[in-house]
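Everything below concerns the one structure shown next.
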């Protein structure tokens with residue numbers, strides 16, 4: 001990364017006033033909102049309040065946002081549909097495939113959010129087998145998952161980065177294996193897209209679901225689902241609405257109807273339902289403009305440099321880092337403690353409880369997940385955030 005790029009990324013912090021009010025290290029929960037995104041939302045709300053809402057303009061902006069997300073992950077706009085959140089995107093895939101009794105799905109239960117587990121168990125009523133392949137000390141068991149594939153495996157799903165302990169998954173290796181064996185590869189990208197570089201083509205990803213409140217620096221209540229065009233064209237939506245129906249006219253109105261048989265829109269657009277969450281769309285449109293202008297490769301390198309300094313600092317203090325030594329499995333999320341030693345509010349490790357309490361009392365925003373403390377960074381963070389977290393951690397240990 002050039003010096004110019006480093007300075008440009010560091011200057012972004014000025015757009016995030018919250019970054020100067022607290023030490024915000026909780027992207028894994030949600031990202032900070034920029035002043036520009038706030039202004040975009042306010043402008044939309046002002047239009048509603050003043051009776052000046054222009055739906056044609058909003059539909060145009062919705063398409064621009066769809067194009068921005070597609071470009072962000074190296075997809076085509078027709079391969080993108082809007083959702084409420086990551087979970088809805090995952091469920092669209094599960095509900096729209098033509099399952100047969102005896103098909104199987106492969107998943108690692110300990111490293112997935114429950115919302116990427118229950119939907120597969122729900123398919124058991126159709127005779128679908130859910131194959132649990134268990135984690136390896138917090139790491140996604142990539143080779144074991146690949147080895148579990150057989151002729152009846154229909155789909156394999158992983159998180160690109162686990163929400164706890166926050167390790168990166170080797171999605172390229174899994175993607176190659178799945179494509180070679182004609183197995184659908186579904187990725188939960190909630191903890192990575194927007195902060196880590198993502199390329200659905202080079203990684204052989206068939207479908208990827210995200211929400212906008214984390215790495216995309218937007219609001220709750222909206223997400224995006226990528227579905228590879230060839231796959232999407234074979235899928236039959238469970239819910240159907242006018243926007244998912246192709247009337248053969250680019251300028252067809254949202255209320256137009258044609259009698260007789262109908263065709264779905266091409267690709268993932270067939271899953272578009274009624275009016276969109278326009279406030280969240282305006283937020284994502286603005287935030288993705290920033291992310292795209294900076295470049296996800298630059299953002300990733302900048303954030304990984306900060307995370308590495310935090311990682312090294314914890315090791316120097318003698319604080320147990322779940323990731324061990326730095327390596328390719330470490331991304332923008334760093335966890336400390338003993339993985340699986342508790343829940344989201346309390347750890348069985350007294351030292352971690354003490355550290356969590358001290359950091360929180362001193363206005364450091366972080367999370368506890370499955371007994372470990374989770375620190376997660378984005379482009380609005382800087383070295384001062386890292387140094388402050390380490391200084392306060394040293395204070396906690398000295399008490």
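Since every read-out is calculated from the coordinates, none of them should be taken as a lab result. The model shown is predicted, which means the values in this text are computed figures rather than measured ones. With ideal geometry, Cβ positions are generated from the backbone for all residues, glycine too; neighbour counts draw on all protein chains shown.
Computed quantities for the displayed model
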read-out	value
Extension gain, residue 201 back to residue 43 (0.36 nm per residue minus Cα-Cα distance, nm)	53.3 nm
Approximate spin-label separation residue 262-residue 11, in nm, with each point projected 7 Å along Cα-to-Cβ	4.9 nm
Separation of the residue 293 and residue 101 label points, Cα + 7 Å toward Cβ, nm	5.8 nm
Listed residues 301, 325, 338, most fluctuating in the chain (Gaussian network, C-alpha, under 10 Å)	325
Difference of contour (0.36 nm per residue) and Cα-Cα distance, residue 238 to residue 301	18.6 nm
Most mobile listed residue (369, 125, 228) in the chain, GNM with C-alpha springs under 10 Å	125
Selected from 304, 156, 58 as most flexible by GNM, with the chain as the system and alpha-carbon contacts under 10 Å	58
Efficiency of FRET from Cβ geometry, residue 131 and residue 346, R₀ 45 Å, rounded to 0.05	0.90
Taking the chain and dividing mean pair separation by its residue count, relative contact order in percent (alpha carbons under 8 Å, at least six apart)	23 percent
Tilt relative to the chain, helix 278-294 - C-alpha long axis, 0 to 90 degrees, to 10	60 degrees
Global form of the range 325-394, assessed from the alpha-carbon gyration tensor, a/c cut-off 1.5	oblate
Order by protection proxy (mean Cβ within 10 Å, highest first), peptides 274-283, 353-362	274-283, 353-362
Förster radius 22 Å - calculated FRET efficiency between residue 84 and residue 148 (Cβ-Cβ, nearest 0.05)	0.10
Contour excess over end-to-end distance, with Cα ends at residue 36 and residue 230 and 0.36 nm allotted per residue	66.1 nm
Label selected from (i) 5, 24, 33, 24, 11, 3, 0; (ii) 5, 22, 30, 25, 14, 4, 1, 0; (iii) 4, 16, 19, 17, 15, 11, 7, 5, 4, 1, 0, the criterion being P(r) over Cα pairs in 10 Å bins from 0, in percent as computed here	(ii)
Spacing of the two label points (7 Å from each Cα toward its C-beta) at residue 176 and residue 308, in nm	2.4 nm
Footprinting exposure proxy for 195, 142 (fewest neighbouring C-beta atoms within 10 Å first)	142, 195
